[in-house]
Amino acid sequence: MKRIIEIVPARPGWYSRWRLTPDATRSYPVTVWALVEDADGASREVIGVDSVGQWPGADDNEPGADFVRYLFQPPDTGQPDDADHPRTTSGSGVPTPLLHPTP
């Protein structure tokens, strides 16, 4: 089991890319970065959690999706071609990330 050491908001422009089929990918904005540590404290890594609550190694990621990489695209250049559109709440226009708590 891993332990969260610190969570910080992700700056705009960071995306996580997932392979859905051999020929199709989808990118989601990264919402937070988490510094996680192994239970024995032997190693640490940074994991990005995207706007649909996925992160590499999570048990409840989108079925069939495999993490490819994180990518940065400056916000003034638009979104990646395979970017997923953010989810919004009942017409408010405010993106609502679907984050899943860690066990």
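Values quoted throughout were computed directly from the atomic coordinates according to the rules given, and no laboratory measurement underlies them. These figures come from a predicted structure and were not determined experimentally. Virtual Cβ from ideal backbone geometry, glycine too; neighbours counted across all protein chains shown.
Globularity index of the range 1-57 is 1.26 (Cα radius of gyration / 2.2 N^0.38 Å, N = number of residues). Backbone N atoms of the range 1-35 closer than 11 Å to the 7 Å Cα→Cβ label point of residue 69 belong to residues 17.
Each Cα pair under 8 Å and six or more residues apart adds its separation to the average, and for the range 1-46 the resulting relative contact order is 44 percent. Counting 0.36 nm for each residue step from residue 2 to residue 19 and taking away their Cα separation leaves a gain of 3.6 nm.
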